[in-house]
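Let me begin by presenting the structure, written as C-alpha cells, before commenting on it.
The values are calculated or read from the model by the stated rules, or taken from the named source; none is laboratory data. Please read all numbers here as calculations on a predicted model, not as lab measurements. Reconstructed Cβ throughout: ideal geometry from the backbone, glycine too, with neighbour counts over all protein chains shown.
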Amino acid sequence: MTQDALISVRGLRTAFGPHVIHENLDLDIRRGEILGLVGGSGTGKTVLLNTILGLKQPDGGDVFFEGHRYGGLSRADRHRVNSRWGVLFQNGALFTSLTVRENVMAPLREHVSMPQELMEEIAGMKIGLAGLSPEAADRYPSELSGGMRKRAALARALALDPDILFLDEPTAGLDPIGAAAFDSLILELSQALGLTVLMITHDLDSLHAICDRVAVLADKKVEAVAPLEALMRNPHPWIQEYFHGPRGRAATAGQGG
Amino acid sequence: MRGKALEAVDSAGVVVRQDGAKTVVELFGDWTVETIGASDGALRRVEETTAPGDIVIDLTRLGRIDTAGAFIIGRVTRRCGEPDGDFHFIGDHPTARRLIEEVRARTTVCADEPPSTFGFGKALGRIGAGLEAMFSEILDTLGFLGRTMMTGFSSLFVPSRLRLTPTIWAMEEVGVNAMPIIATLSFFIGAVVAYMGANLLQGLGFSVFTVELVGIAVLREFGVLITAIMLAGRSDSAFTAQIGAMKMQQEVDAMRVLGLDPFEVLVLPRVIACTLMAPLLTFGAMIAGIFGGMLVAWSAQDISPSLFITRFHEQLDWSHFLVGMSKAPVFGLVVAIIGCRQGMQVGGDVESLGRRVTASVVQSIFAVIVLEALFAMLYLELGI
C-alpha cells in the first residue's frame, strides 16, 4: 500500500450470482489527486463506487481508508469517515421534498450542532461555491434545470467540507458549455479546498481537462492507472479503441495534445 | 492544516481583547464545520459592535480550518471596504488567508426566506384559498369527466379505438381482485346490523322484523356504500399512483408524442372497468351482507334461514334492490374519474405523487358520501 493513498482497494471481488463483475481488483486513490475512472458500460464502475462508499458489501477483498480497513471500523468511526466524504450521485439524488437550501442543510443537521441561522448562512455559502445563484436556494429540485440540479447536488456533497469527493458521471446530460463549466468548477474547487476527487466519467473532454490520473476498468479489474498521455500508449485493445476511436481522437485534437 | 483526522478534533475557541484602538480576535483550536457552532455568537457580537476597520484577527494559534470555518472568520470583516486587507490579520497560517479569500469570492449572499406571518387575516386568507381551490377542483373534475365522455363517445363510433386488453385487465384489478375483501366487509356489516336489530326488536317482541331491517339496510345503502368506499380506497388510489408514476417518468408525454391519446389509453379503460364492475361488486356485497345478517338472525334470534328467505321474498320490494344497484355505476364512474384526474395532475416530484394520491382518496370518498345523500333525497321525493 503506497503511503499517500487515501483510499486503497485490495483484491476486491464482486459478483452478482454467478456473474462476476470484479475479480482481484486493486485501486489506490492518492491524496489530493483527481482520479478519473473509465470503463465500458456494465464493467461495474458504479458498483465499484458503491463498494468504496460502503453501500455494498464486497464479496471478497477489502477497502482501506487511510490505512484503516473500512469493514473493521466502529460505528462511530464510520460515521466520522462518512462525514469526510461527499458524493454526487448519477442523477443528483436530491431530496425532492426539500428546497435546495434544505438539501444542503440536511447533512449539516445530521452531523454537526450549530445555530439555525449559521447553518442557513453556511448552506448559502456552499450553494455559492457550487456556482448557483442565490435565487436557486429556495427552489425545489423539480424546478431546476439538469445543470443546476447537478450544481445543487455538488453543493450538498460539499456541505461537510469533505476531504474526498466522489462524482458519478458529473457531466452526463449537460451541454458541452455546461459540462466544461462544471469541469472547471470541480478543478477550481479541488485546488482551492485541497480535495481528492474520484470521478466516474464517459466524457473524454473531462478526462483531458481535469484528471491527474485515469484508471481503466476492463477485464474485471483495473487494467491500468496512469496519467492520460501514458495511458494512451497502453497497448490494451480496449484502451486503444477508447482513446483512439473517432471520439477519442476528436477530444485529443481539441485539447491540442 | 486542512481536513479532519479520524481522531477527535480540538474545539474551536475565540478570545476578544482590546489593543489600543484595535479589537483583536484571537482564534485557537480547529475551526471546522463540526466545531464552529459554539463560537458563532461571539464572532457575531464582534462584527456588530466593532468598527469594521478596527478588527484584527490573530491566526497564530489557529489549528485546522475548512470552508465553513473560513466563512465564519471572514464574516467578521465583511462590512469593511477591504475585508481581506493585510491589516486585518496577524500571525501566519498555511491555508487560512487563502481559504478565507476563496470562500468570500465565491459566496453569494442568499436572500433571506420571506418571514411567514400569522394572524387573523392570514387565517381568513387560507380559508379563502381553500374554498377557491375546492371550486376549481370541482370544475376541473367536471371538465375531466366531459373530456372522458367525449373520448368514450368517439370510441363508440370507432370501436376499434377502444382498448380491450387494458380494459379487461382493469376489470380484473378493480372487480375480481376486489371481490373477496368487499364481500368480507359487507358480511360483517350485515351481521352488525342484524345484531343491532336483535337487541332493539327483541325487546319490543318484533324480532322477525330483523329480516326487513337487514334487507333494506344492505340492499339500499350498505352494499353499494361499502363497495364505493372500498373502490375509493383500493382502486382509486391505485389509478392515481399508476398514472402519476407514468406522468413522473414522462411516459404520458411519450404517449402524446407517439400520437396516442392518454385519455384513450389510460383513462377510458379504467373508467369503463370501474363503471361496469361497480354494480357487480355491489351485487356481491349485497349477497354477502344478507348472508351475514341471516347467520346472526339464525344464531341470536332463532330465525331459521328458510323463514328468513321466505319473509325476505314476501316483505321486501324489488325497488330496494334496484335503488341500491342504480347508485353503483354512478359511484364507480365518479371514483374512477377522480382517481384518473388526480393521476394526470402529478408533477415531476415524488411529493406531488403522495399529495395527489391522498387528495384522490379523500375526494372520492367525499364525493361518494355527498352523492349518497343526494340520492337519498331524490328517492325520498320520488317516493321509491
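Tabulated data for the structure shown
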item	result
Some residue of region A:11-18 being of a type outside the set (A, V, I, L, M, F, W, C), part of a helix (DSSP H, G or I), surrounded by 20 or more Cβ atoms within 10 Å (Cβ to Cβ) and more than 14 Å from chain B (Cβ to nearest Cβ)	no
Total residues in region B:248-288, condition of a type in the set (G, A, S), within 25 Å of B:G347 (Cα to Cα) and part of a helix (DSSP H, G or I)	1
Elements of type helices (runs of 4 or more DSSP H) contained in region B:135-228, each with 3 or more residues being within 36 Å of the chain's Cα centre (by Cα)	B:164-174, B:179-204
Filtered residues of region A:208-232 (kept if modelled with pLDDT of 85 or more and closer than 29 Å to B:L99 by Cβ)	A:I210, A:C211, A:D212, A:R213, A:V214, A:P227
Elements of type strands (runs of 3 or more DSSP E) contained in region B:1-90, each with 1 or more residues being facing another protein chain (nearest Cβ under 10 Å) and of a type in the set (V, I, T)	B:55-65
Selection status of A:L160, touching a helix residue (DSSP H, G or I) at 6+ places or on another chain (Cβ under 7 Å), crowded, with 20+ Cβ neighbours inside 10 Å, more than 23 Å from A:R31 (Cβ to Cβ) and at pLDDT below 85	no
All helices (runs of 4 or more DSSP H) inside region A:51-167 with 1 or more residues being more than 11 Å from chain B (Cβ to nearest Cβ), under 19 Å from the mean Cα position of the chain (by Cα) and not hydroxyl-bearing (S, T, Y)	A:75-82, A:100-111, A:146-157
Residues that are of a type outside the set (G, A, S), within 13 Å of A:A209 (Cβ to Cβ) and buried (at least 18 other Cβ atoms within 10 Å of the Cβ), drawn from region A:163-196	A:P170, A:T171, A:F182, A:D183, A:L185, A:I186
Residue within region A:124-137 that is under 25 Å from A:E169 (Cβ atoms) and loosely packed, with under 15 Cβ neighbours inside 10 Å present	yes
Unique residue being loosely packed, with under 15 Cβ neighbours inside 10 Å and within 20 Å of A:E23 (Cβ to Cβ) when the list is A:G67, A:G71	A:G71
Residue in region B:91-106 that is modelled with the lowest pLDDT, counting only those that are surrounded by fewer than 23 Cβ atoms within 10 Å (Cβ to Cβ) and within 10 Å of another protein chain (Cβ to nearest Cβ)	B:R106
Region B:191-206 residues that are buried (at least 17 other Cβ atoms within 10 Å of the Cβ), paired with ones that are charged (D, E, K, R) and not in a loop (DSSP other than H, G, I, E, B) (beta carbon under 9 Å, 6 or more apart)	B:G197/B:E212
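Residues checked against (1) modelled with pLDDT of 95 or more; (2) within 28 Å of B:L213 (Cβ to Cβ); (3) touching a Lys or Arg at 6+ places or on another chain (Cβ under 8 Å); (4) within 14 Å of chain A (Cβ to nearest Cβ):
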position	(1), (2), (3), (4)
B:P305	no, yes, no, no
B:F312	no, yes, no, no
B:G332	yes, yes, no, no
B:D349	no, no, no, yes
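Table: residues versus (1) modelled with pLDDT of 80 or more; (2) surrounded by fewer than 21 Cβ atoms within 10 Å (Cβ to Cβ); (3) among the hydroxyl-bearing types (S, T, Y).
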site	(1), (2), (3)
B:F28	yes, yes, no
B:G37	yes, yes, no
B:I55	yes, no, no
B:D58	yes, yes, no
B:L62	yes, no, no
B:G69	yes, no, no
B:I73	yes, no, no
B:G81	no, yes, no
